[in-house]
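Asker: Got a structure for you, questions after.
FYI, it's all coordinate maths here, none of it is from the lab. Nothing here was measured: the structure is a model prediction, and the numbers come from that model. Cβ coordinates were reconstructed from backbone atoms using ideal geometry, including for glycine residues, and neighbour counts include every protein chain displayed.
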Amino acid sequence: MKKKWYDWLWVASLAYLTLGFFNILFAWLGLLCFFIPLIIAAVKGTKGYCNRYCGRGQLFSLLGGRFGLSRKRDIPRWMKSKPFRYGFLIFFFAMFFLMLWNTYLVFAGARDLQQVVTLLWTFKLPWHWAYHGALFHPGVAQFAFGFYSVMLTSTVLGLVTMALFKPRSWCVYCPMGTMTQLICKIKNPQ
Amino acid sequence: MTVLRKKRKAFVSQHDCVACGCCVKVCPMDAITIFHGLYAQVHRDKCVGCGKCAKECPASVIELQEVTI
């Protein structure tokens, strides 16, 4: 089957994760992975992003498939259940808003910029080498650190479930996937 | 006289499907589409029952069943 341009988007995902190690401000680009799926779902009423353009899914597919880094076992039943999927979506949202709140505090001057990437919402990794300062307000950088934390955390979770279960296990409980499917359900009532 | 033949076809448990589209990508017959971002739909006449989709499905909600045609 002939490859289309969008079959190479895993390169963009990989580049995104790599760039975050050098300059944290690139993390802002990750907003594309949030807005594009939502816009496609809201306008077209499809999961076109998941189905075609998701670079992260392609990356998992490649690593777990061709590179053989997956056990290719069935995902546990509870992980594909609606309570878990929607529960994870709510948890993800809550953590996202907490990150936005921290960004607001830095913008408002109530808190200093924290040059850390928080992995799995818990572990604060020093990341000061990726911040070169001065050009923008520290709040801009705080959002970048927060957003990169979200992206790195979800990648790590995705890699773990890729290794344990099928390559694209992340897709089963991906909050963006759950949310776009929810939008599609609302837009296309059965 | 009609001859009854058994063939394997892919069946999607639509209630559990996350509509990720992994199955669509691996189907050699282009027999699967994602219906309005809700679930995968197998076109029975195109499906040859190869099982690639069932193997790929990250939620393991596709299974092959024998049908008589």
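Asker: Just checking, does segment A:40-51 include any residue being away from chain B (no Cβ under 12 Å), of a type outside the set (D, E) and surrounded by fewer than 19 Cβ atoms within 10 Å (Cβ to Cβ)?
Answerer: Checked against the condition, which is being away from chain B (no Cβ under 12 Å), of a type outside the set (D, E) and surrounded by fewer than 19 Cβ atoms within 10 Å (Cβ to Cβ), segment A:40-51 yields no hits at all.
Asker: Restricting segment B:1-11 to residues that are assigned to a strand (DSSP E or B) and surrounded by fewer than 21 Cβ atoms within 10 Å (Cβ to Cβ), which is farthest from the chain's Cα centre (by Cα)?
Answerer: Looking at residues that are assigned to a strand (DSSP E or B) and surrounded by fewer than 21 Cβ atoms within 10 Å (Cβ to Cβ), I get B:K6.
Asker: Tell me, please, whether a residue that is at positive phi and away from every other protein chain (no Cβ under 14 Å) can be found in segment A:123-140. Walk me through how you get there before you give the answer.
Answerer: So in segment A:123-140, the residues at positive phi come out as A:133-134.
Then drop every residue that is not away from every other protein chain (no Cβ under 14 Å), which leaves A:133-134.
Yes, there is a match, as at least one residue in segment A:123-140 is at positive phi and away from every other protein chain (no Cβ under 14 Å).
Asker: Which of the following residues is of a type in the set (S, T, Y), within 24 Å of A:I24 (Cβ to Cβ) and either more than 14 Å from chain B (Cβ to nearest Cβ) or buried (at least 20 other Cβ atoms within 10 Å of the Cβ) (or both): A:S169, A:S149?
Answerer: Only one candidate qualifies: A:S149.
Asker: Could you identify the single residue in A:L125, A:L105, A:L119, A:L135 that is surrounded by fewer than 22 Cβ atoms within 10 Å (Cβ to Cβ), closer than 26 Å to A:K72 by Cα and out of contact with any Pro (no Cβ under 9 Å at 6 or more places or on another chain)?
Answerer: After ruling out the rest, the residue left standing is A:L119.
Asker: State yes or no: is A:V150 within 21 Å of A:A12 (Cα to Cα) and part of a strand (DSSP E or B)?
Answerer: No, not satisfied.
Asker: Moving on to the next point. Identify, please: which residue in segment B:16-31 is surrounded by 20 or more Cβ atoms within 10 Å (Cβ to Cβ) and over 23 Å from A:R77 (Cβ atoms) and is, among those, nearest to the other protein chains (Cβ to nearest Cβ)? Steps first, please.
Answerer: Step one: of segment B:16-31, the residues surrounded by 20 or more Cβ atoms within 10 Å (Cβ to Cβ) are B:17-23, B:27, B:31.
Next, from what is left, pick out any that are over 23 Å from A:R77 (Cβ atoms): B:27, B:31.
Working: B:C27: 10, B:A31: 14 Å.
Looking at residues that are surrounded by 20 or more Cβ atoms within 10 Å (Cβ to Cβ) and over 23 Å from A:R77 (Cβ atoms), I get B:C27.
Asker: Right, another one. Mind checking which residues of segment A:1-15 are of a type outside the set (F, W, Y) and in a helix (DSSP H, G or I)?
Answerer: Of everything in segment A:1-15, those that are of a type outside the set (F, W, Y) and in a helix (DSSP H, G or I) turn out to be A:D7, A:L9, A:V11, A:A12, A:S13, A:L14, A:A15.
Asker: Do you know which residues across segment A:71-85 are within 12 Å of chain B (Cβ to nearest Cβ), assigned to a helix (DSSP H, G or I) and within 18 Å of A:K185 (Cβ to Cβ)?
Answerer: A:K80, A:K82, A:F84, A:R85
Asker: Moving to a separate point now. Could you check segment B:49-62 and list, in sequence order, the residues that are within 11 Å of chain A (Cβ to nearest Cβ) and either in contact (Cβ under 8 Å) with a residue 60 or more places away in the chain or of a type outside the set (V, I, T) (or both)?
Answerer: B:A54, B:K55, B:E56, B:C57, B:P58, B:A59, B:S60
Asker: Being outside any helix (DSSP H, G or I) and either closer than 15 Å to A:T180 by Cα or not small (G, A, S) (or both) is the filter here, so list the residues in segment A:16-70 that pass it.
Answerer: Applying the first criterion (outside any helix (DSSP H, G or I)) to segment A:16-70 yields A:20-23, A:45-47, A:54, A:67-70.
Of everything in segment A:16-70, those that are outside any helix (DSSP H, G or I) and either closer than 15 Å to A:T180 by Cα or not small (G, A, S) (or both) turn out to be A:F21, A:F22, A:N23, A:G45, A:T46, A:K47, A:C54, A:F67, A:L69.
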